Amino acid sequence: MTMTESRPVAVSTSDASPHRLLPFLLLLFVGSGCAALIYEIVWLQLLQLVIGSSAVSLGVLLGTFMGGMCLGSLLLPRLISARRHPLRVYAFLEFGIGIIGVCALYGMPYVDRFYLSIVGHGSGAILMRAVIGGICLLPPTLLMGATLPAIARWVQTTPRGVSWLGFFYGGNIAGAVFGCLLAGFYLLRVYDMAIATYVAVGINLLVATMALFIASKAPHELTETPRLENADDDQIGSRLAYLIIALSGLSGLGAEVIWTRLLSLTLGGTVYTFSIILAVFLIGLGCGSAIGSAIARSLKRPAMALGVCQVLLAAAIAWTACIICRSLPYWPIDPKYALDPWVTFQMDIMRCLWAVFPAALLWGASFPMALAAASSKAKDPGKLVGGVYAANTVGAIIGSLLFSIVLIRALGTRHAQQVLIGIAAGAGTLMLLFDLLDLAFAPKSRQNGTTIWWLITALGTFMACGFGAAMLVQTVIEVPRGLVAWGRNSATNNPDDPSVTYVGEGMNSTVAISEQGGAVNFHVSGKVEASNLPQDMKLQRMLGHVPALFHKNPKTVLVVGCGAGVTAGSFLVHPEVQRVVICEIEPLIPENISHKHFAKENYGVIHDPRVEIVYDDARHYVLTTQEKFDIITSDPIHPWVKGAATLYTKEYFDICRKHLNQGGIVGQWVPLYESKLDVVKSEVATFMEAFPNSTIWSNLDAGKGYDTIIIGQEEPFHLDLDAIQHRLDDNDHQRVVQSLMDVGVGSIEQLCETYTGQKSDLKKWLEDAQINRDQNLRLQYLAGLALNQQEGDEIYQSMLQYRRFPNEIFSGSESRMRSLETSLVQPPMAKGR
């Protein structure tokens, strides 16, 4: 039995038509979306500094962020009366977001201290990460999620009104696109997180003030509209629309996770690449929402349109999978010729649009279609929008966590994309079948005898969709091995490179091994991270041997990043070393890469009883461990890789200093290749800000600058060459001597000849250097503009101009000192290195 009652669900105004104001409200929502994306980028970056940037941490943060928005969209229509002026409610929400934005900026250090005081490791630590993410992100995201339902009450749930709700959603996304690009390419590159936050707060305040002004000119009144109690919410079609849009959100975020990983192989995993991919995805969503909103107002059967959108989406997902793996890797693009990064960005945007835009367009169009399918004239627009938005967001949360943490690792990106096609095709087929069956059993069909025709149509649709989905699934191929290995250089190195003998897709990154002519290269996400080539072996051994020899009695060592394991293994031949901790973010690497392919070079480090492997974000581990070390050193992690800049900040080096025993040493890799002068200066200056007693040691390739190591400690630096040579002459150090000789270092003099300078010498060279700090992460923006540059030797030569013989550092026999001084004064090229 259906009851009828009057409820205040429709909106009117006494002096102004609400429809005349809708374009202005759309502009407000553009501003709201812009501020929201700036906050999202800043807050997630701030929280990653605290709880780490592993897949688990990122999943927790993203889930919390979207979960808060979901709760906000559900709670507002239930907690705030429809009698309150929608624009005033919206204005106070924007004011609240701005206030919380300022509080988050200044309150994060206190969250940091609280978290570090209680956190440990293991499953409990994951739970604490979720708790901290909830404490920080739920308040602002609740308010963000409530803005769309709040302003939705300004319109009626007529076809025209529902289309405007879709336009609001699209306008919000359009603002998000601008906010993403503004934050990623300007605010955080030129300024810092504080300035970015102030800009977002300013936008919130402007939007809130404008909303209050419009509210003062357009009084809000309610009309009592008859509403059939339980009639709407109990309709199967309405509930099915919620399910379909939830599945759409699931496939959308799952696809974004997969495609961001795959496209970053082609474009290079810089912070700019991630901003471009996100912006293009949002552009597609916004355009799709606008088109869908325009179409929805004249649709007689929006449920069928929603089903068609999802079926077409299955084809669009297959298109993107095909473009990413069959087309883009073969475009004849050589990044070495694009020295201007802004030219590269233009090409990157076009490649992303070509690949991602069709699918994003259909995901965007599905939202207004779902609104239309779930709506009825008597429905509270706030509850309608809140419910559809919440369903979409719940699906998105499940999709992001399911694909990032489980499916990519378990199935690989190929099968994960096939799952996406199945989800989209299944959702579309289900919606179409329901609508066709509804037509078949409608009274009109029974009267004119078309029920059988509609049933046959439904069966044919089911078979066609199933067959089409099966065919689309077969078009998805594995990511080309050469693309995994060579990334943005794959076109010039052959995307189908037969020398790539192993490819593995882990939770955090995709890895590969290539073997050719006895050379073994280890690749991570399209970049060579380690190899057994002479220049790389020397660097990896130096990262271990230099601090181990310079320390008087190294017993405990922390190695940040496993890589090929050569750096960690270099410590094992030192008889004093009793414990080595390797902190690695990708569980796939130690056993499948380091042990199977580099066991000879790394002295079997993975299975050595002195070695413990910790799978976590390195910064998070150093932050939370109570252990102190004699040596902390890093296996090469290039600073242009997104997320790596947090391991190059002044605050991170300060944390490392606090985890050193008396006389402890920190070693840090600084690449000269794929870099520019301002990038290297920033890395060196930041390290020396934390460790004033720092020295630089170079690794040359064919006599030219290739990369360097910085060695830092709290105490004044002093090397007794005779004492070090005496240690090397002992029988228990013969493996150390042999390990050094294997990379062309035959004596302590040859090792010390790599000395390049210290802070006092390089003071003038570093005058214009930018310090990389947690609050700005300047380095990732500088380095991201320089990955196509090959200025290694020019940078090295500029450093040598300031080098002098450091009598205060070296001491030893007169002959040894004279020989070393001669070597350091004489230019390397003159010695024929």
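Given contacts defined as C-alpha pairs under 8 Å and at least six residues apart, what's the relative contact order of the chain, whole-number percent?
Numbers: 1627 pairs, mean separation 112.5, N = 833.
Relative CO of the chain lands at 14 percent.
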With unit charges on the beta carbons (Lys and Arg positive, Asp and Glu negative) and the dipole taken about the Cα centre of the chain, which residue among 253, 265, 155 sits farthest to the positive side? 155
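Just subtract the alpha-carbon distance of residue 599 and residue 471 from 0.36 nm times their residue separation and send over the number in nm, one decimal. Show your work: numbers first, answer last.
Values: separation 128, 0.36 × 128 = 46.08 nm, distance 4.37 nm.
The residue 599-residue 471 span can extend by a further 41.7 nm.
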Between segment 34-71 and segment 522-551, what's the alpha-carbon centroid distance in Å? 33
Order the following by accessible area, largest value first: 816, 446, 88. Probe radius 1.4 Å; ligands, DNA and RNA are ignored. 446, 88, 816
If I fit a long axis through the Cα atoms of helix 236-267 and take the longest principal axis of the Cα atoms of the chain, what angle between them do I get, 0 to 90°, rounded to 10? 20
What do you get for trypsin sites (Lys or Arg not before Pro) in segment 522-627 restricted to DSSP loop and a cutoff of at most 16 other Cβ within 10 Å of the site's Cβ? 552, 555, 600, 610
For a quick check: with amide H placed at 1.01 Å from N, whose amide H comes under 5 Å from residue 520's, ignoring anything fewer than 5 positions away on the same chain? 532, 533
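According to the square roots a ≥ b ≥ c of the eigenvalues of the Cα gyration tensor, what is the shape class of segment 637-737, taking rounded for a/c under 1.5, prolate for a/b larger than b/c otherwise, and oblate for the remainder? List each step's numbers first, then the result.
Values: a/c = 2.18, a/b = 1.37, b/c = 1.59.
Judged from the Cα gyration tensor, segment 637-737 comes out oblate (a/c at least 1.5, b/c at or above a/b).
For segment 706-781, state which GluC sites (Glu not before Pro) are in a DSSP loop and have at most 14 other beta carbons lying within 10 Å of their beta carbon. Please report the intermediate quantities before stating the final value.
Details: sites: 714, 749, 753, 767; in loops: 714, 753, 767.
The qualifying sites are 767.
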Can you work out the Karplus-derived ³J(HN,Hα) for every residue in segment 131-141? Use 6.51 cos²θ - 1.76 cosθ + 1.60 with θ = phi - 60°, whole Hz, and x for glycine or proline. 5, 5, x, x, 4, 7, 9, 4, x, x, 6
Sum of side-chain charges, residue 626 neighbourhood, beta-carbon under 15 Å (Lys, Arg +1; Asp, Glu -1): 0
For segment 595-624 and segment 326-367, write down the distance between their C-alpha centroids in whole Å. 37
Quick one: Karplus J couplings for segment 147-154, per residue in order, coefficients 6.51, -1.76, 1.60, θ = phi - 60°, nearest Hz, x for Gly and Pro? 5, 5, x, 4, 6, 5, 5, 7
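Tell me, what is the per residue accessible area of the chain in Å², probe radius 1.4 Å? Kindly include the intermediate steps, with their values, before the conclusion.
Values: 31120 Å² over 833 residues.
Computed with neighbouring chains in place, this is 37 Å² per residue.
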Ellipticity estimate at 222 nm from DSSP helix runs (n ≥ 4, -39,500 (n - 2.57)) divided over the chain, nearest 500: -19500 deg cm²/dmol
Please list, or write none, the lysines whose alpha carbon is within less than 17 Å of the alpha carbon of residue 336, excluding same-chain residues fewer than 8 places away. 527, 676
With +1 on the Cβ of every Lys and Arg and -1 on the Cβ of every Asp and Glu, and nothing else charged, how large is the dipole of the chain about its Cα centre, in debye rounded to the nearest 20? 2720
Prolate/oblate/rounded label for segment 279-341 (Cα gyration tensor, a/c 1.5): oblate
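Where in segment 626-695 are there trypsin sites (Lys or Arg not before Pro) that are in a DSSP coil and have at most 15 other Cβ atoms within 10 angstrom of their Cβ? Don't skip to the answer; put the middle values down first.
Details: sites: 628, 642, 650, 657, 658, 676, 681; in loops: 628, 642, 676.
Of the trypsin sites (Lys or Arg not before Pro), the ones in loops of segment 626-695 whose Cβ has at most 15 other Cβ atoms within 10 Å are 628.
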Degrees separating the helix 408-440 axis from the principal Cα axis of the chain, which is the longest one: 0
With angles folded into 0 to 90 degrees, how steeply does helix 271-296 sit against the dominant principal axis of the chain? Use alpha carbons for both and round to 10. 10
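The values are calculated or read from the model by the stated rules, or taken from the named source; none is laboratory data. Source: prediction; values computed, not measured. Cβ coordinates were reconstructed from backbone atoms using ideal geometry, including for glycine residues, and neighbour counts include every protein chain displayed. SASA here: full protein model, heavy atoms, side chains in, ligands and nucleic acids out. Shrake-Rupley method; radii C 1.70, N 1.55, O 1.52, S 1.80 Å.
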